[in-house]
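Visitor: Below are the structure tokens for one structure; questions will follow.
The values are calculated or read from the model by the stated rules, or taken from the named source; none is laboratory data. Because the structure is a prediction, the values reported are computed rather than measured. As a convention, Cβ positions derive from the backbone with ideal geometry for all residues, glycine included, and neighbour counts pool all protein chains shown.
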Amino acid sequence: MKKFTQMRRKVGFLFLLFLGFLMASEDAMAQRKKKRDQKNQPAAAQASPQAARPASPRNGIKPYQEVITAKAKSKEGLFKVHEIEGKYFYEIPDSLMGREMLIVTTIAKTADGIGYGGERTNTLLVRWDRNGDNILLKVVSYSNTASDSLPIFTAVRNSNLEPILQKFDVKAKSKDEEGVVIEVTDLFSKDIQALGLPRNRRTQFKVTRLDNDRSYIDRISPYPMNIEARYVMTYAATEPPSNGSTGLITVEMNSSMVLLPEEPMMQRLADRRVGWFTRSVIDYGLDVQRASRRTYLNRWRLEVKEEDYEKFRNGELVEPKKPIVFYIDPATPEKWIPYLKQGVEDWNVAFEEAGFKNAIIAKDPPSPEEDPGWSPEDARYSVIRYFASDIQNAYGPHVSDPRSGEIIEADIGWYHNVMNLLRNWFFIQTAAVNPEARGVNFRDEVMGRLIRFVSAHEVGHTLGLPHNFASSHAYPVDSLRSASFTHKFGTAPSIMDYARFNYIAQPEDEGVSLMPDVGPYDKYSIMWGYKPILDAKTPEDEQPVLDEWILAKQDDPIYRFGRQGNPYDPSAQSEDLGDDAMKASDYGIKNLKLILPNLMDWTAEEDKPFKDYSDLNEMYGQVIGQYNRYMGHVRTNVGGVYELYKSAGQGEPVYAHVDKSTQKRAVQFLNKELFATPSWLMDDDIISRIGDFGNLERIRSVQVNSLNGILEWGRLGRMIENEAINGNKAYSMVELFDDLRAGIWTELQAGKKIDVHRRSLQRAHIERLELLLTGNEPNVPAQFRSRVGPQINASQSDIRPMARAELKTLQRQISAAIPRTSDRVSKIHLEDSLERIKAILEP
């Protein structure tokens, strides 16, 4: 035992000796390091031992020089951006913590089938917040709001917890100690869905993951008010739209982070009597006894210079502090640039009504020598982007500040193949009266004028104006045949309608204008949305003046707004012209009857004798499509309801049913022009050159779609309600069924031969009545019901009894007609129809 104790003491002594040696060694190493550090310090630092001591890393925060090393490539801007061997760092000043910014993400480059370069994919309102030693990038929402001076503000804030898009460790304090340094490499090189391929395309192409090894940051460029990040993302996908054998999708994205104004622009409150793109929030701070929605305009910040206030008050035109500027994409074919610019600057006549001159300007982009950092993806610049695409379209979105509605920038998307769409419209709607439209390749001056028209339309969207589908209904039909009228007023009061081109003008109407320009409604709406009200301090202060401007125009249809997407208002339709659809469509059909016999000659090209008939096929389809539009314009009158926006103070109704005589005339028109076989559309010379099958189907489709559109649940529901309200003054469902049967089954009374088109139409009529008897209105999701109105309860409405009665009437009439029908195929058809009805009534 004694020996064991001595051994323990000896081991302990040796351990203490070793520990002391180790501590002495560490102390010596520390002293040598201290002397080396002091030697490298400036003289001032050596004089102060406390200052010379390097900051102790706390929770990973290091001295600035250890993070932003000598290898850093640094650029000044909104934030300092540092690149160190492929890693990127933001140096964020404390003054910008809590400031709100917009992140606008676009596709910069892509493969075939995955969007187009310049296409916007997402817009986020964000804020950088500090939380201890972390920086949080939060997504901010203003859908619910209240003034921060009100007690309810706390409750609103507690119900709007902001999602954290990304969390960053603070790597160091900024060089001036008034900010922080964070690494943002993962923000743009990892799979952050909000900044990458959007969800719908991930689903469409069955994207499984981001391939990190093939994704990288190309560059991050800071500017005074924004930071541009360009990065390449490669995704693994099981169904990529191109290069399918690779199983990959690669896109180059651009994210612009733009600092929003510290002081938001004053809102201008919306009024549905003037069409505008708007933003809405639920404002819990309003002194009302419910959650009230506050809706305000999206518009550019056009302000009068203080030195020009008196001129402006005296009615003189003044230049705004900052005009609206659009640049033309460098990828645009040179010959179309002047026309795109003209479309932009055509809006200056409208801004003059608001008191401004030179308010909107079109420019060429700067050359690389003038501005090497200029980029069309940069959110500081509004650009008409030119896409190499076969899509026949153009569009004009904008990005606005959610707090105020201020439009920050807008990029018009211009697809190359929109020219084909313009050619088709202009050909089909004007070739009967316009030699310039009689061909498949227009002169550059003609196409340029069409481009200018569409450019102006899309610019209107970027200024805040939606489609105004009531505009084209304002002018009397016959006025559109007048050269003096159309040159003074255009073919519609607004270029924002889908009025297209003047299909009403006839060959004898010399000198008539064929397309709309920025018109009187456009000038009025720009004035209403943009004219400064200098004495107003709040949006509420402006409302009496804004209302006064509306009431001054209230009885003039030229200044009426009608929303897009109302399927039952015949005065607010797409692609129509004039105040009488039956009369306008009659003129349009006359012109189509002139075009069709010339279609082969007008689609041929003398310098291309060996071309095929694809142009002939396309233009013949356009003839049928235009004819179908006319039928749609007429059909909307049946069961139609006018929607005429008023304020409560006007004391006038908003909704009014279309009068009985107009509805009845519409059904008579359809019976005559559509349900009686339009044999003039069956041109043997054309049909024999464009296909071996399918032409009967084209005609059947137009007839049946129109019939089903008339016998549609919502339309019939409106007719039932009209009769309940207006009695004998209403066009009833009984009268509609009688009139349709008289037009669709005309052959029964005399036992006439029934042609193949009519046989198909009559079977379709029976099938539709069966659906009305046994089916239900398709369920519309709740989010779309505001567009189509309430749904009708089929089983408890008058629709099913009426459908049953109509089938029984047909049963009797067909039974009586079979013995007097001599044509064999017609008789077989009637016998089959009788069996179909029997199976429906007696299943």
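Visitor: Residue 129: over 17 Å from residue 261 (Cβ atoms) and part of a loop (DSSP other than H, G, I, E, B), yes or no?
Guide: Considered against the rule, which asks whether it is over 17 Å from residue 261 (Cβ atoms) and part of a loop (DSSP other than H, G, I, E, B), residue 129 comes out as no.
Visitor: Being of a type in the set (Gly, Ala, Ser), crowded, with 22+ Cβ neighbours inside 10 Å and part of a loop (DSSP other than H, G, I, E, B) is the filter here; which residues of the stretch 563-591 pass it?
Guide: 571, 572, 578 - these are the residues of the stretch 563-591 that are of a type in the set (Gly, Ala, Ser), crowded, with 22+ Cβ neighbours inside 10 Å and part of a loop (DSSP other than H, G, I, E, B).
Visitor: Can you pull out every residue in the stretch 711-729 that is surrounded by fewer than 21 Cβ atoms within 10 Å (Cβ to Cβ) and assigned to a loop (DSSP other than H, G, I, E, B)?
Guide: 712
Visitor: Identify, please: which residue in the stretch 290-342 is modelled with pLDDT under 95 and basic (Lys, Arg) and is, among those, nearest to residue 405 (Cα to Cα)?
Guide: Filtering first and then ranking leaves 294.
Visitor: Further question on the same structure: Counting only residues that are surrounded by 14 or more Cβ atoms within 10 Å (Cβ to Cβ) and either part of a loop (DSSP other than H, G, I, E, B) or charged (D, E, K, R) (or both), how many does the stretch 187-205 have?
Guide: The number of residues fulfilling the criteria is 8.
Visitor: Going residue by residue through the stretch 365-379, is there one that turns out to be outside any loop (DSSP other than H, G, I, E, B) and among the hydrophobic types (A, V, I, L, M, F, W, C)? Outline the logic, then answer.
Guide: Narrowing the stretch 365-379 to residues outside any loop (DSSP other than H, G, I, E, B): none.
For the stretch 365-379, residues outside any loop (DSSP other than H, G, I, E, B) and among the hydrophobic types (A, V, I, L, M, F, W, C): absent.
Visitor: Is one or more of the residues making up the stretch 602-619 under 20 Å from residue 433 (Cβ atoms) and surrounded by 21 or more Cβ atoms within 10 Å (Cβ to Cβ)?
Guide: Let us first name the residues in the stretch 602-619 that are under 20 Å from residue 433 (Cβ atoms), namely 602-603, 619.
If we keep only those that are surrounded by 21 or more Cβ atoms within 10 Å (Cβ to Cβ) as well, we get 603, 619.
Yes, the stretch 602-619 has at least one match.
Visitor: Mind checking which residues of the stretch 354-385 are touching a Lys or Arg at 6+ places or on another chain (Cβ under 7 Å) and more than 20 Å from residue 339 (Cα to Cα)?
Guide: 354, 355
Visitor: Output the number of residues of the stretch 517-536 satisfying the condition of being modelled with pLDDT of 95 or more and in a loop (DSSP other than H, G, I, E, B).
Guide: Qualifying residue count, the stretch 517-536: 8.
Visitor: Further, regarding this structure: Quick one: is residue 228 in contact (Cβ under 8 Å) with a residue 24 or more places away in the chain and surrounded by 18 or more Cβ atoms within 10 Å (Cβ to Cβ)?
Guide: Yes: the conditions hold for residue 228.
Visitor: Something else now. If a residue must be at pLDDT 90 or above and either among the charged types (D, E, K, R) or in a loop (DSSP other than H, G, I, E, B) (or both), how many such residues does the stretch 381-398 contain?
Guide: So the count comes out to 2.
Visitor: If you check every pair at least six apart or on different chains, which have Cβ atoms under 6 Å apart with a residue in the stretch 116-138 that is in contact (Cβ under 8 Å) with a residue 60 or more places away in the chain and not assigned by TED's automatic domain parsing to the domain that holds residue 403 first and a residue that is surrounded by 19 or more Cβ atoms within 10 Å (Cβ to Cβ) and assigned to a loop (DSSP other than H, G, I, E, B) second?
Guide: Pairs found: 125/402.
Visitor: Find all pairs meeting these conditions: Cβ atoms under 8 angstrom apart; at least six residues apart or on different chains; first residue within the stretch 519-547 and under 17 Å from residue 309 (Cα atoms); second residue among the charged types (D, E, K, R) and outside any helix (DSSP H, G or I).
Guide: Pairs found: 530/299; 532/303.
Visitor: Being hydroxyl-bearing (Ser, Thr, Tyr) and surrounded by 16 or more Cβ atoms within 10 Å (Cβ to Cβ) is the filter; apply it to the stretch 509-550 and report the residue that is farthest from residue 587 (Cα to Cα).
Guide: Filtering the stretch 509-550 for residues that are hydroxyl-bearing (Ser, Thr, Tyr) and surrounded by 16 or more Cβ atoms within 10 Å (Cβ to Cβ), the one farthest from residue 587 (Cα to Cα) comes out as 530.
Visitor: For a quick check of your reading: which helices (runs of 4 or more DSSP H) sit entirely within the stretch 774-841 and have at least 1 residues that are modelled with pLDDT of 95 or more, of a type in the set (Phe, Trp, Tyr) and within 20 Å of residue 719 (Cβ to Cβ)? Show your work before the answer.
Guide: Values: elements: 785-788, 799-817, 824-841.
Correct list: empty, since no element meets the threshold.
Visitor: Inside the stretch 241-266, can you point out the residues that are in contact with a helix residue (DSSP H, G or I) (Cβ under 8 Å, 6 or more places away or on another chain) and surrounded by fewer than 23 Cβ atoms within 10 Å (Cβ to Cβ)?
Guide: Across the stretch 241-266, the qualifying residues are 241, 248, 250, 259, 266.
A quick yes/no check of all residues on (1) more than 33 Å from the chain's Cα centre (by Cα); (2) under 27 Å from residue 497 (Cβ atoms):
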{"site": "559", "(1), (2)": "no, yes"}
{"site": "568", "(1), (2)": "no, yes"}
{"site": "571", "(1), (2)": "no, yes"}
{"site": "581", "(1), (2)": "no, yes"}
{"site": "605", "(1), (2)": "yes, no"}
{"site": "617", "(1), (2)": "no, no"}
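Visitor: Let me ask you something else. Restricting the first residue to the stretch 659-670 and requiring it to be over 18 Å from residue 745 (Cα atoms), which pairs with a second residue that is surrounded by fewer than 16 Cβ atoms within 10 Å (Cβ to Cβ) and at pLDDT 95 or above meet a Cβ separation below 7 Å and a spacing of at least six or different chains?
Guide: 660/729
Visitor: Here's something else I'd like to know. So which of 360, 408, 337 is surrounded by 18 or more Cβ atoms within 10 Å (Cβ to Cβ), under 26 Å from the mean Cα position of the chain (by Cα), within 26 Å of residue 124 (Cα to Cα) and among the β-branched types (Val, Ile, Thr)?
Guide: 408
Visitor: Now for a different question. Tally time: how many residues in the stretch 412-460 are crowded, with 19+ Cβ neighbours inside 10 Å, out of contact with any strand residue (DSSP E or B) (no Cβ under 8 Å at 6 or more places or on another chain) and outside any helix (DSSP H, G or I)?
Guide: Residues that pass the stated criteria total 5.
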